[in-house]
Amino acid sequence: MEGSECLQLLLRRCREAKDCAYCPYSRFPVGAALLTVGGEIFSGCNVENACYSLGVCAERIAIQKAISEGHTRFRAMAIASDMSDFITPCGACRQVMREFGTDWDLYLTKPDGTYIVKTLQELLPLSFGPEDLHKA
């Protein structure tokens, strides 16, 4: 990711999104901020539902917002929670991210502001993507 100012904005936006989470059942707020190749940032928070399986993760909401605005190429995503360890996306979110490539960075944060950077390839090795549908 280029520029510390851009990175700081991405990290701030994921923390702000976390504050909007609707999580009355798990009490586990998560926020995500997605950076497009064009430099736009889309944020998302987890939204739970009384019918538990209908809840949606912050990462997928950020991606869906970007897609709904015509963006399909991404550079990075930052994720925040109140967990004392680095937050990581669930398997479903990793697979949805994979739909849009493997060469983008994920900033996994802690509440104290520290973060580690992983690529999607590191978090989802030997993954299945759109190009695999064309293999015979």
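The values are calculated or read from the model by the stated rules, or taken from the named source; none is laboratory data. Owing to the predicted nature of the structure, the values given are computational and were not obtained by experimental measurement. Cβ: placed from backbone, ideal geometry, glycine included. Neighbour counts: every protein chain shown. Heavy atoms of the whole protein, side chains included, go into the accessibility calculation; ligands, DNA and RNA do not. Shrake-Rupley method; radii C 1.70, N 1.55, O 1.52, S 1.80 Å.
Tally the residues that are among the small types (G, A, S) and crowded, with 23+ Cβ neighbours inside 10 Å, restricting the search to the stretch 67-93.
Of the residues in that region, 3 qualify.
Being under 18 Å from E99 (Cβ atoms) and of a type in the set (G, A, S) is true for just one of A21, A50, A32. Which residue is that?
On the way: A21 fails: under 18 Å from E99 (Cβ atoms); A50 fails: under 18 Å from E99 (Cβ atoms).
Only one candidate qualifies: A32.
Step by step: first the residues of the stretch 5-56, then only those that are of a type in the set (F, W, Y) and open to solvent by 50 Å² or more (accessible area, probe 1.4 Å), then the one that is nearest to T109 (Cα to Cα). Which residue is that? Before you say what the answer is, go through the steps one by one.
Residues of the stretch 5-56 that are of a type in the set (F, W, Y), as a first pass: 22, 25, 28, 42, 52.
With the extra rule that they be open to solvent by 50 Å² or more (accessible area, probe 1.4 Å), the set shrinks to 22, 25, 28, 52.
Numbers: Y22: 20, Y25: 23, F28: 15, Y52: 25 Å.
Here the residue is F28.
Can you tell me which residue within the stretch 100-136, out of those that are acidic (D, E) and over 21 Å from S81 (Cα atoms), is least open to solvent (accessible area, probe 1.4 Å)?
Among those residues, the one meeting the criterion is D132.
Cβ-Cβ under 6 Å, sequence separation 6+ or interchain: first residue in the stretch 44-70 and touching a residue at least 12 places away in the same chain (Cβ under 8 Å), partner open to solvent by 70 Å² or more (accessible area, probe 1.4 Å) and in a loop (DSSP other than H, G, I, E, B). Which pairs?
Note: pairs meeting the criteria are C45/C20; E48/Y25.
Do you know which of the residues in the stretch 107-131 that are acidic (D, E) and assigned to a helix (DSSP H, G or I) is nearest to S4 (Cα to Cα)?
E122
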